[in-house]
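The values are calculated or read from the model by the stated rules, or taken from the named source; none is laboratory data. Treat the numbers as computed from the prediction; the structure is a model and nothing was measured. No Cβ is skipped: glycine too gets one built from the backbone with ideal geometry, and neighbour counts run over all protein chains shown.
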Amino acid sequence: MLATFGTHGDVHPFLALALALKQRGVEPVIAAAEMYRAKIEAEGIGFHHMRPDVEHVASALGMAQQAIARAAARRPEFIIEALILPYLRETYDDAMDAMRDADLVVTHSAAYGARIAAEKLGLPQVGVALQPMILLSAHDPPIIANMPRLSAWVYRCGLTATRAFIELGKLLGRRWARPIESFRREIGLPPSQAHPLFEGQFTSDGAIALFSPVFGPPQPDHPPGLAIVGFAFYDDDAGARGSMSAELEGFLAAGSAPIVFTQGTSAVQDADDFVRESLAAIGILKTRAVLVLDAERAQQWSAYASNSILITGYAPYSRLFPRARINVHHGGVGTTAQALRAGRPQLIAPYLVDQPDNAARVVRLGVGRTLELKSYRAAAVAQQLQALDGDSYRARAIEVGEQVAAEDGAGAAARIIIERLERARPASS
């Protein structure tokens, strides 16, 4: 059973992994929110509903999805305190039901209830990290979303200061984890031996990092047995694998490579300023461009389309990004992975959680630049895009893209899981 939580960027790697497992003779089942059922079952993968669902959360909070996105951007702990832990019992109950026939459980870093259920049932677990930030390495420290300047300043003070800063963060995080400890006592489990929000997500059965070692290299303080295997790619939509609309295909064929602008599935809930300033920057540069939005916002902004500007809903990044001149996005790890593999320069305007850290890694790789969202204004965007439109960024982006494209994260992860499944069978038989 593969238990995941979050947006499409969290579900797609698990779906890629499930497909790789299925190809190798394993019967995978994905436990996730109901909104992903059709996508998962369309691939012939078993599905089990695991709460919470975004509509229920929004209703319980009395908040629109845009307000939820803004709250998460302001206070990353809001995701844990308001979106995950209040539903710990529901997640646990659904996971217990889903695990009735499971031999091994693979868990997303935020699938706390599923991890507890696997422990309660005595099932072997493998934790998955989708981004380097989750690992909290003092040797490769993450940029903290709501304090990017402070965290960067601390890291410049050296390893000792960095370790102290990270440990302080973990100590403060103990408060967020109190509902987990209370629930463990309630169901008869002992207190967590490791921090349930950090080290506790990985077990003696090991862990898998579904990102490229180019993006997040191995570090001395990574969890024991961690395998960094590469990104796991999937961007199908409604069974139309790899296809783009005729309108988009026609636009791409009709002229020079455009600049592509997109805000993924989280930041797009609060994308109006991004779209407005992007359109103004396009006007400054007099360039061809594609804006990829959700269906609602594509319709909302459709009046701004022209012969040189296409505004569209869903488009598969794996097909679109390689045909761009530059890709502009929010820095979600799934989108960043696709942009890296595409071999094109990137401009990232990070919105929340891991995105500032992902952006910083892209900058360090020499394949992109970043702008804080509050600084994402037309003149600044145009200036950054002009700087990216040069031979050095293009050459480096192609080099990194070839390295990322050569990796098979889903296949490598599937082989590791099957090996651990085989090791677990004697004990469970």
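Structure summary
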| item | result |
| --- | --- |
| From the options ALA67, ALA58, ALA38, residue that is surrounded by 15 or more Cβ atoms within 10 Å (Cβ to Cβ) and either in a strand (DSSP E or B) or of a type outside the set (S, T, N, Q) (or both) | ALA58 |
| Subset of the range 389-414 [out of contact with any strand residue (DSSP E or B) (no Cβ under 7 Å at 6 or more places or on another chain), of a type outside the set (Gly, Ala, Ser) and either within 30 Å of ARG288 (Cβ to Cβ) or surrounded by fewer than 16 Cβ atoms within 10 Å (Cβ to Cβ) (or both)] | ASP391, TYR393, ARG394, ARG396, ILE398, GLU399, VAL400, GLU402, GLN403, VAL404 |
| Test: residue in the range 171-180 that is part of a loop (DSSP other than H, G, I, E, B), touching a residue at least 60 places away in the same chain (Cβ under 8 Å) and touching a helix residue (DSSP H, G or I) at 6+ places or on another chain (Cβ under 8 Å) | no |
| Selected residue [out of contact with any helix residue (DSSP H, G or I) (no Cβ under 7 Å at 6 or more places or on another chain), part of a helix (DSSP H, G or I) and among the aromatic types (Phe, Trp, Tyr)] from TYR87, TYR92 | TYR87 |
| Unique residue being modelled with pLDDT under 95, in contact with a Gly (Cβ under 6 Å, 6 or more places away or on another chain) and either aliphatic (A, V, I, L, M) or not assigned by TED's automatic domain parsing to the domain that holds ALA271 (or both) when the list is GLY9, GLY62 | GLY9 |
| Residue satisfying condition, being under 30 Å from ALA117 (Cα atoms), touching a helix residue (DSSP H, G or I) at 6+ places or on another chain (Cβ under 7 Å) and modelled with pLDDT of 95 or more, within set VAL214, VAL260, VAL229 | VAL229 |
| Residues satisfying the stated conditions in the range 138-164, i.e. buried (at least 20 other Cβ atoms within 10 Å of the Cβ) and not β-branched (Val, Ile, Thr) | ASP140, PRO141, PRO142, ALA145, SER151 |
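Results for (1) closer than 21 Å to ASP273 by Cα; (2) in contact (Cβ under 8 Å) with a residue 24 or more places away in the chain; (3) in a loop (DSSP other than H, G, I, E, B); (4) not hydroxyl-bearing (Ser, Thr, Tyr), shown as yes or no for each residue.
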residue: ARG297; (1), (2), (3), (4): yes, yes, no, yes
residue: ASN307; (1), (2), (3), (4): no, no, yes, yes
residue: ILE311; (1), (2), (3), (4): yes, no, no, yes
residue: TYR314; (1), (2), (3), (4): yes, yes, yes, no
residue: ARG319; (1), (2), (3), (4): no, yes, no, yes
residue: GLY331; (1), (2), (3), (4): yes, yes, yes, yes
residue: GLY334; (1), (2), (3), (4): no, yes, no, yes
residue: ALA337; (1), (2), (3), (4): no, yes, no, yes
